[in-house]
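Peer 1: First the structure, which I've put down as structure tokens, then a few questions once you've had a look.
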Amino acid sequence: QVQLVESGGGLVQPGGSLRLSCAASGSIFGIYVMGWYRQAPGKQRELVATMANSGPTNYADSVKDRFTISRDIAKSTVSLQMNSLKPEDTAVYHCYAASKTSVWNPRTDYWGQGTQVSVSS
């Protein structure tokens, strides 16, 4: 089992910045991707950004050039720097980790509890 704990989030004005962080604990040895998803009221959870252990990143088109994902593999953490925030970025942001403990086991997805990001004037 992997536990994910997020920090950061809050209320910010349009154009402002926030930084989210997430720390993984437990059976972290099988983690190969970490990232962030978000869910706005009445909408489905959607990808924000992910980053593989080897470095490749994947961003939603809506956040490219505004958000930057980073990881500290040694500390099992992932962060999301969010700049130029817009009201439509308002959502609960969930930390995500994909883990595969052996070639014979299927992938397991883990989720954090989520942290609220609100962008409003």
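Peer 1: Return a yes/no flag: does the range 24-33 have any residue that is within 19 Å of residue 117 (Cα to Cα) and crowded, with 18+ Cβ neighbours inside 10 Å. Break it down into steps so the answer makes sense when it comes.
Peer 2: We begin by selecting, within the range 24-33, every residue within 19 Å of residue 117 (Cα to Cα); these are none.
Checked the range 24-33: no residue is within 19 Å of residue 117 (Cα to Cα) and crowded, with 18+ Cβ neighbours inside 10 Å.
Peer 1: In this structure, does residue 76 turn out to be open to solvent by 60 Å² or more (accessible area, probe 1.4 Å), among the polar types (S, T, N, Q) and out of contact with any Gly (no Cβ under 8 Å at 6 or more places or on another chain)?
Peer 2: no
Peer 1: Within the set of pairs 6+ apart or on separate chains, which have a first residue in the range 44-60 that is in contact (Cβ under 8 Å) with a residue 24 or more places away in the chain and open to solvent by less than 50 Å² (accessible area, probe 1.4 Å), a second that is part of a strand (DSSP E or B) and of a type in the set (Lys, Arg), and C-beta atoms under 7 Å apart?
Peer 2: Taking only residues 6 or more apart or on different chains, the pairs are 48/38; 51/71.
Peer 1: Filter the range 66-77 down to the residues that are in contact with a strand residue (DSSP E or B) (Cβ under 7 Å, 6 or more places away or on another chain) and either among the β-branched types (Val, Ile, Thr) or assigned to a strand (DSSP E or B) (or both) and list them by number.
Peer 2: Residues satisfying the conditions are 67, 68, 69, 70, 71, 77.
Peer 1: Under the condition of being assigned to a loop (DSSP other than H, G, I, E, B) and hydrophobic (A, V, I, L, M, F, W, C), which residue from the range 95-110 is modelled with the highest pLDDT?
Peer 2: Result: 104.
Peer 1: Kindly establish whether residue 38 is basic (Lys, Arg) and open to solvent by 50 Å² or more (accessible area, probe 1.4 Å).
Peer 2: Here the answer is no, as residue 38 does not meet what is asked.
Peer 1: Then there's this: Do you know which residues across the range 1-23 are at pLDDT 95 or above, open to solvent by 60 Å² or more (accessible area, probe 1.4 Å) and outside any strand (DSSP E or B)?
Peer 2: Once the filter is applied, which keeps residues that are at pLDDT 95 or above, open to solvent by 60 Å² or more (accessible area, probe 1.4 Å) and outside any strand (DSSP E or B), the range 1-23 yields 13, 14, 17.
Peer 1: Which one of 63, 92 is at pLDDT 95 or above, closer than 18 Å to residue 12 by Cβ, part of a loop (DSSP other than H, G, I, E, B) and of a type outside the set (S, T, N, Q)?
Peer 2: Testing whether each residue is at pLDDT 95 or above, closer than 18 Å to residue 12 by Cβ, part of a loop (DSSP other than H, G, I, E, B) and of a type outside the set (S, T, N, Q) leaves just 63.
Peer 1: Please go through the range 34-60 and pick out each residue that is in a strand (DSSP E or B) and closer than 22 Å to residue 118 by Cβ.
Peer 2: Of everything in the range 34-60, those that are in a strand (DSSP E or B) and closer than 22 Å to residue 118 by Cβ turn out to be 35, 36, 37, 38, 39, 46, 47, 48, 49, 59.
Peer 1: Tell me whether the range 91-105 contains one or more residues that are in contact (Cβ under 8 Å) with a residue 60 or more places away in the chain, of a type in the set (D, E, K, R) and open to solvent by 20 Å² or more (accessible area, probe 1.4 Å).
Peer 2: yes
The values are calculated or read from the model by the stated rules, or taken from the named source; none is laboratory data. Because the structure is a prediction, the values reported are computed rather than measured. As a convention, Cβ positions derive from the backbone with ideal geometry for all residues, glycine included, and neighbour counts pool all protein chains shown. Note: areas computed on protein heavy atoms with side chains; ligands, DNA, RNA excluded. Shrake-Rupley method; radii C 1.70, N 1.55, O 1.52, S 1.80 Å.
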